[in-house]
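For reference, the structure discussed in these notes is given below.
The values are calculated or read from the model by the stated rules, or taken from the named source; none is laboratory data. The structure presented is a predicted model; accordingly, all values stated were derived computationally and were not measured. All Cβ positions, glycine included, derive from the backbone under ideal geometry; neighbour counts span all protein chains shown. The accessibility values were calculated without ligands, DNA or RNA, using every heavy atom of the protein model including side chains. Shrake-Rupley method; radii C 1.70, N 1.55, O 1.52, S 1.80 Å.
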Amino acid sequence: MEAEELILTVPELAEIQKVFKEALQQNFHEVEVKVVECPDLRKEPFRMPVKGLGGCPGIADVGGVKYMQPIPQRSRKYDLVDVGNIMGYKGEYSIIGAGAGPFPETGCNCELMANVHKNVDGEIKSVSQTAKILPPLNYNVDLLISSKFAILGNFFASQGLTGPVLEVKVKRRTGEENFITCMRKALAARFGGQPVGIGGVFVVPSGKLKIHIMPDFADTPLKNETDVNNWLKFFDFPAPMVFYSVFVSEDPGYDLRLEHTHGHALLDESGHCSSNHGGHYHYDTTPDEVEYWGYFSVAEKLFRIDRPSPTENLTSLLLGF
Ligand code: ZN
């Protein structure tokens, strides 16, 4: 698989703390941003397979929307273990993030909430979840034992170690930006020309979320935004939900997805989701009651894997396949 490596700017956490705080205060009534030692993320509500987000933190942007539309490129099948190898991890590591599920395994195209851990003995443990549409309008969330995915994915990887992270807590949205976009744009404004990449987990303990779930591949080409929005299924799901988020302040010409956040209802002890609520995060729909609370780490490198060629979209349309 073709991979390009980009060294990211890694500002001091204290500096990012200031940038996030100022921006979030424009968008939320109560804002608390601190640099803390990462709490044990294996505990509720996160129930991660690893303790923290530290140790060679990196981002992988794999495939892309151009492999999903206008026509799905079913040959684009990936494995998070290959992603971990490309990123250079030798021993234990953890990968979280947002992507498209492995349609050959799940039987149809679906959303992936990736959460995979490789231990020192090389064993893979997945508490990833997939969210799929059961036609015509039902949906479900399932535990995915496999580390495979397809078409596209945005991931944050680390050795899963504890260490300093940014703790962000906000309540009551007063502005129009969603939680992640607010922080991403603030980074872009402060560090223009120096791409900064962030990954982390957050929980929404109260409120409701606008979420989409991709149904199975469309029968007809998705030629524009209207086609895509007619194809996607949108829902208002209730909290509590846990999210995995990856964002980059800017794209220095690698066809990067700047932010991608997927989430699901809380997991039980066996790694199963407590309800069928899960999918791609857009924003909350309950500004007065919403709360966000999460932990974020700064990536040192970004790997652009299997980037679609600039003409991918155009070629597909012209050939009509
Ligand atoms: Zn998504």
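So which strands (runs of 3 or more DSSP E) stay within segment 228-312 end to end and still have 1 or more residues that are out of contact with any Phe, Trp or Tyr (no Cβ under 7 Å at 6 or more places or on another chain), within 14 Å of the ligand (Cβ to nearest atom) and at pLDDT 95 or above?
233-238, 241-248, 259-265, 278-284
Only one of these conditions is not met by residue 172: (1) on the phi < 0 side of the Ramachandran plot; (2) open to solvent by 20 Å² or more (accessible area, probe 1.4 Å). Which number is it?
(1)
Only one of these conditions is not met by residue 259: (1) touching a Leu at 6+ places or on another chain (Cβ under 9 Å); (2) surrounded by fewer than 22 Cβ atoms within 10 Å (Cβ to Cβ). Which number is it?
(1)
Which numbered condition in (1) farther than 22 Å from residue 231 by Cβ; (2) in contact with a strand residue (DSSP E or B) (Cβ under 8 Å, 6 or more places away or on another chain); (3) touching a residue at least 12 places away in the same chain (Cβ under 8 Å); (4) away from the ligand (no atom under 16 Å from the Cβ) is the only one that residue 104 fails?
So residue 104 meets the others, but not (1).
Could you look through segment 144-169, keep only residues that are buried (at least 24 other Cβ atoms within 10 Å of the Cβ) and β-branched (Val, Ile, Thr), and pick out the one that is farthest from residue 262 (Cα to Cα)?
Per the criteria, the residue is 165.
Quick one: count up the residues across segment 175-184 that are crowded, with 18+ Cβ neighbours inside 10 Å and more than 15 Å from residue 262 (Cα to Cα).
4
Considering 120, 165, which residue is within 27 Å of residue 48 (Cα to Cα), part of a strand (DSSP E or B) and out of contact with any helix residue (DSSP H, G or I) (no Cβ under 7 Å at 6 or more places or on another chain)?
Of the residues listed, the single one that is within 27 Å of residue 48 (Cα to Cα), part of a strand (DSSP E or B) and out of contact with any helix residue (DSSP H, G or I) (no Cβ under 7 Å at 6 or more places or on another chain) is 165.
From the set of residues in segment 195-221 that are under 29 Å from residue 253 (Cβ atoms), in contact with a Pro (Cβ under 9 Å, 6 or more places away or on another chain) and open to solvent by less than 10 Å² (accessible area, probe 1.4 Å), which is nearest to the ligand (Cβ to nearest atom)?
199
How many residues does segment 125-140 contain that are under 20 Å from the mean Cα position of the chain (by Cα) and more than 15 Å from the ligand (Cβ to nearest atom)?
Number satisfying all stated conditions: 4.
I need the strands (runs of 3 or more DSSP E) fully contained in segment 1-115, keeping only those with at least 1 residues that are within 17 Å of the chain's Cα centre (by Cα).
58-63, 77-79, 93-100
Report, ordered by the first and then the second residue, all pairs with beta carbons closer than 6 Å, sequence separation of six or more or different chains, a first member in segment 271-284 that is charged (D, E, K, R), and a second member that is within 11 Å of the ligand (Cβ to nearest atom).
That search, which allows pairs on different chains as well, returns nothing.
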